[in-house]
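What follows is a single structure, written as structure tokens, with notes after it.
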Amino acid sequence: MFRSVRLKSIALIVLLFSFSILNYNCKVNSTITEPTVVTGIGGTSTNQSSIITGQVINSLTGIPIDSAIVQIFNSSLSLSTYTNTLGKFTDSVQLSSNTNFTIYVSKSGYQQDTIAVTINAGINYSAGVVNLIPTSSSGQVPSGNPVSIFLFSQSTQSIGVVGSGSPETATLTFEAVDSSGTPIDLNHSQSVSFSFGAQPGGGEILSPSSVQTNDIGQASVNITSGTKAGVVQILAKLTTGTQTIFSMPVSIAIFGGFPDANHFSIAPSVFNFPGYNIFGLTDAINVYVGDKYGNPVRPKTVVYFTTSGGIIGGSASTDQTGTGTVNLLSAAPVPNDPTLGPGFARIVASTADENKNTITAPTVVLFSGTPQLTVNPTTFNIPNGGKQAFNVTLSDQNGNPLAGGTSLTIAVTGQNVAVQGETSVTLPDTQSKTWTHFTFQAYDTSDTTNVLVPVSITISANGPNGNIETTIYGTSN
């Protein structure tokens, strides 16, 4: 009996030892996870594991971002994990079919990013590299070092000289940016210095001479005018490391002050125009207005006009050169100056100086009329080998010269006869009556033949006032 019990105990120990060895081998050698079978309506489906990986880095520096939150979710599933010190993340999901997910990556101090993906059941998915854009505490993108500087804004395009009554100071703001076009931040702030390029030399001032860029890479300078008008250029410069960066020159126009009597003048485009008998013609009247420094007055300075003949524009505003223009219109009343006589109109321009005194500038315009032509003598007999002098008067009905561009032509017809002197004349733009009198000579070109032949001389004038012609007849031996 004792032997029977002993044999049973030995058999039990052997059985337990064999079971332990079998169980240990199964755990050590097993590397396969059996798929889970899910039974439901319509049949069965098998969930398979898909591993999702990726890396998150700083888009500006390329440095991996540690502890960024990575959320993988759709309408029925949500997973969450963090990146490690290498910016990498790993997670897995059990799927029975291809499924759409959204991967949401976020980190404090960075702009979040969202990726829409489709993950296939049983197939691993790599999200690749996710670039997060860093933000500063103010929400701005941090910058690198500056590579360029340019004009960002200016308060006005022009200023006036000192005492002009116009704004005398303009503010220019420059902006420094890095290679990506991002304005440099405070961590990359630089000192910007300012200087003149071209300038009138009237005592212009730049203030301050240098300034530190602010948190959006900007630096401002004020330009204050001096006593001279002209164009002033401003340049901005900064130095980073061994590199010096310049802006393009920025130009500001400096305009003059109030009108000055010694720099106030007037002139018509033409001094003589055919407006005495022809109405509706125009003659531009120009004024040139400078300040006491000899510079053009500030733009839009108003000048007033009056005329003793015809109609004239009431006022003109000066441009950037100090010039203003109105039109004189030929119309009633036709001018009749008490000193100069019929046809002459006096034009007066007026404005105010810095002391509020009226200053004036006068000019005279001739309204010339219809052409009149006379010649003396009207008959003649040129001796053999001799000559005959003639006087021609060409004017309008008031005895005034005709308008500029009028041509006077003298032609002779006859055997062995020619003319010399003022036989082809073009009138200038003039008011002088010396341009109403002309002389010429007709002469016999042969002193060997003494035969009486008929001769005719034609005098004609053509021009803006109209055309006129006369012919005189005589003989030549």
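The values are calculated or read from the model by the stated rules, or taken from the named source; none is laboratory data. Keep in mind the model is a prediction, meaning the values are calculated, not measured. Neighbour counts run over all protein chains shown; Cβ positions are idealised from the backbone, glycine included. Heads up: the accessible areas ignore ligands, DNA and RNA and are worked out on the full protein's heavy atoms, side chains in. Shrake-Rupley method; radii C 1.70, N 1.55, O 1.52, S 1.80 Å.
Which percent of the accessible area of the chain is formed by carbon and sulfur heavy atoms (probe 1.4 angstrom)?
Ligands and nucleic acids excluded, carbon and sulfur give 53 percent.
In degrees, nearest 10, range 0 to 90: what is the angle between the Cα axis of helix 2-29 and the longest Cα principal axis of the chain?
Result, in degrees: 10.
Give the dimensionless ratio obtained when the Cα radius of gyration of the chain is divided by 2.2 N^0.38 Å.
2.22
In whole Å, what is the distance between the alpha-carbon centres of the range 351-368 and the range 424-477?
So the separation of the two Cα centres works out to 43 Å.
Can you give me the Rg/Rh ratio for the range 63-102, using Cα atoms for both radii and the Kirkwood formula for Rh?
My calculation puts Rg/Rh at 1.06.
Near LYS433, which aspartates and glutamates are there with a Cα under 13 Å away, not counting those fewer than 8 places off in the same chain?
Qualifying aspartates and glutamates at Cα under 13 Å: ASP396.
Sort the following peptides by mean Cβ neighbour count (other Cβ atoms within 10 Å, averaged over residues), highest first: 302-310, 370-378, 280-288.
302-310, 280-288, 370-378
In what sequence, highest mean first, do 211-223, 463-475 appear when ranked by Cβ atoms within 10 angstrom?
Highest-to-lowest ranking by the protection proxy: 211-223, 463-475.
For the chain, what is the accessible area per residue in Å², given a 1.4 Å probe and the full set of protein chains?
53 Å²
Grab the Cα-Cα distance for PHE150 and LYS88, subtract it from 0.36 nm times how many residues apart they are, and report the gain in nm with one decimal.
Difference between extended and current length: 18.3 nm.
Compute the FRET efficiency between VAL348 and HIS437 as 1/(1 + (r/R0)^6), taking r as their Cβ-Cβ distance and R0 = 35 Å, and round to the nearest 0.05.
Approximately 0.65, to the nearest 0.05.
Could you work out the local net charge near GLY405, counting Lys and Arg as +1, Asp and Glu as -1, over the other residues with Cβ closer than 15 Å to its Cβ?
In short, -3.
So what is log10(I(q)/I(0)) for the range 365-477 at q = 0.22, 0.24 1/Å, when the Debye sum runs over its Cα atoms only?
Taking Cα atoms of the range 365-477 as identical point scatterers yields -1.07, -1.22.
Pop a pseudo-label 7 angstrom from the Cα along the beta-carbon direction at both THR102 and ASN384 and give the gap in nm to one decimal.
12.6 nm
Which length gain, in nm to one decimal place, applies between ASP337 and GLU422 when the Cα-Cα distance is subtracted from 0.36 nm times their residue separation?
Using 0.36 nm per residue and subtracting the Cα-Cα distance, I get 27.5 nm.
If I model a spin label as a point 7 Å beyond the Cα along the Cα-Cβ vector, how far apart are those points for LEU79 and THR458 in nm?
11.1 nm
Average the reciprocal distances over every distinct pair of alpha-carbons in the range 215-364, invert the result, and give the Kirkwood radius in Å.
Computed over the range 215-364, the radius equals 18.2 Å.
Counting only Cα atoms, I'd like the Rg/Rh figure for the range 97-180, Kirkwood definition for Rh.
1.38
Kindly state, to the nearest 0.05, the FRET efficiency for THR409 paired with THR321, given R0 = 41 Å and r defined as their beta-carbon distance.
0.50
Assuming a ≥ b ≥ c are the square roots of the Cα gyration tensor eigenvalues, decide whether the range 170-281 counts as rounded (a/c under 1.5), prolate (otherwise, with a/b larger than b/c) or oblate.
prolate
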